[in-house]
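Beneath this line is the structure, given in structure tokens, with notes to follow.
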Amino acid sequence: MSLPSAMYRVKVPPIKIQGIKTKLVPFIAANITWDGNGTYYEPFMGSGVVGFNLAPERAVFSDVNPHLVNFYRAIQSGEVTAWKVRDYLEEEAPKLAHTPADKHSYYYEVRERFNATANPLDFLFLQRSNFNGMMRFNSSGLYNVPFCRKPERFKPALITKIVNQVHWVEKLLARHPQWQFQLADFSDTINCAEAGDFIYLDPPYIDRHDEYFSTWDHGKADLLARIVQGSDAGYALSMWHSNEYRENSHLESWSGEVRTTEHFYHVGASEKNRNAMTEALVISPANAVPLDDVQPLTQRVKCPGFCS
Ligand SMILES: C[S@@+](CC[C@H](N)C(=O)[O-])C[C@H]1O[C@@H](n2cnc3c(N)ncnc32)[C@H](O)[C@@H]1O
């Protein structure tokens with residue numbers, strides 16, 4: 001099997017998105033076991049960080065946000081390469097730097113251009129210079145996240161970092177010609193999964209209307225629980241478990257094994273606004289690593305199943 005036998009360092013993809021699971025990848029990898037013989041499905045792919053690091057042989061990544069899907073398809077087709085990203089950012093960086101941090105920033109010119117053309121390079125530019133890695137669209141589907149107000153944003157070191165991230169995904173996609181990126185509602189993707197397949201789920205938080213490309217509500221969350229638990233495929237679901245005020249009652253709709261870990265997130269830029277959140281991973285029983293065998297959460301995670 002072509003899967004890695006250990007994850008030495010979690011790699012970060014070029015697209016930033018709120019709710020990105022980079023820090024939780026070791027926890028997820030350490031708790032799930034799957035023989036990797038079927039297809040891996042990720043119906044809420046977002047940045048793709050989880051599946052890209054698990055690197056199964058066959059995978060279907062999907063999302064309702066067409067720009068995420070287009071971006072990775074553009075890497076797959078060679079329309080976006082690490083070198084094209086370097087050329088593009090080196091040309092755009094000074095234009096941004098020479099405009100003010102306010103509404104006259106060059107950022108807004110790129111935003112307007114992106115809303116007219118959906119260019120994947122402009123999408124990358126916006127997602128790496130916007131406010132807090134937000135992904136937000138208005139009711140007409142137009143990207144409307146404001147600028148992070150740092151005209152010097154694209155310093156040479158950041159450009160190199162982004163280029164390396166694109167290069168990593170480029171190599172990954174070249175090594176996995178069977179990976180597919182699909183624009184699809186979660187239900188259509190999950191309905192394709194069969195016995196022997198594995199589905200990793202990371203739906204949005206319920207009732208956050210301003211995020212992503214569509215809203216997520218109790219009806220959709222209930223439908224998700226029903227179709228996933230009615231499927232013959234294995235699954236793991238990421239979801240918040242509790243914070244200092246309350247527990248997530250939606251977890252009652254899931255009957256799998258629940259594993260938890262503490263996670264910190266920041267509200268705004270200040271270090272002191274660090275809020276603790278307990279994150280849950282609900283796993284179909286056959287795919288949960290026995291508790292005694294779960295490796296400690298270090299960067300060097302042995303992945304028992306994905307990586308056997
Ligand atoms: C929490 S984010 C996923 C983050 C991802 N795991 C990561 O680490 O980057 C949720 C994703 O679900 C997508 N989404 C929202 N509603 C959806 C739906 N009905 N079907 C499929 N994807 C949906 C959003 O566009 C967003 O990319």
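The values are calculated or read from the model by the stated rules, or taken from the named source; none is laboratory data. It should be emphasised that the depicted structure is a prediction, and the values quoted were computed from it without experimental measurement. Neighbour counts run over all protein chains shown; Cβ positions are idealised from the backbone, glycine included.
Is there a residue in the range 60-68 that is more than 11 Å from the ligand (Cβ to nearest atom) and either of a type outside the set (A, V, I, L, M) or modelled with pLDDT of 95 or more (or both)?
yes
Give, as residue ranges, the helices (runs of 4 or more DSSP H) completely inside the range 69-151 that count at least 3 residues that are buried (at least 17 other Cβ atoms within 10 Å of the Cβ) and within 16 Å of the ligand (Cβ to nearest atom).
Here the list reads 120-127.
Just give me the residues in the range 152-169 being buried (at least 17 other Cβ atoms within 10 Å of the Cβ) and closer than 19 Å to Glu42 by Cβ, in sequence order.
Gln165, Val169
Could you tell me which numbered condition Val49 fails, if it satisfies all but one of (1) surrounded by 19 or more Cβ atoms within 10 Å (Cβ to Cβ); (2) under 16 Å from Gln180 (Cβ atoms); (3) within 16 Å of the ligand (Cβ to nearest atom)?
(2)
I'd like to know if the range 183-192 contains one or more residues that are more than 14 Å from the ligand (Cβ to nearest atom), touching a residue at least 40 places away in the same chain (Cβ under 8 Å), surrounded by 15 or more Cβ atoms within 10 Å (Cβ to Cβ) and farther than 21 Å from Thr22 by Cα.
No - not one qualifying residue is present in the range 183-192.
Taking the stated definitions as given, is Val163 under 19 Å from the mean Cα position of the chain (by Cα), outside the structural domain of Gly36 (by TED's automatic domain parsing) and among the β-branched types (Val, Ile, Thr)?
Taking the combined requirement at face value, the residue satisfies it.
From the list Trp216, Trp240, pick out the single residue that is assigned to a strand (DSSP E or B), modelled with pLDDT under 95, within 13 Å of the ligand (Cβ to nearest atom) and not basic (Lys, Arg).
Among Trp216, Trp240, only Trp240 is assigned to a strand (DSSP E or B), modelled with pLDDT under 95, within 13 Å of the ligand (Cβ to nearest atom) and not basic (Lys, Arg).
Need pairs with beta-carbon distance below 9 Å; first residue under 19 Å from Glu42 (Cα atoms) and touching a residue at least 24 places away in the same chain (Cβ under 8 Å) and within the range 237-259, second of a type in the set (S, T, N, Q) and in a strand (DSSP E or B); sequence gap 6+ or separate chains.
Pairs that qualify, where the first residue is under 19 Å from Glu42 (Cα atoms) and touching a residue at least 24 places away in the same chain (Cβ under 8 Å) and the partner is of a type in the set (S, T, N, Q) and in a strand (DSSP E or B), are Trp240/Thr278.
Do you know which residues across the range 1-17 are surrounded by 18 or more Cβ atoms within 10 Å (Cβ to Cβ) and either modelled with pLDDT of 90 or more or within 12 Å of the ligand (Cβ to nearest atom) (or both)?
Val10, Val12, Pro13, Pro14, Ile15, Lys16, Ile17
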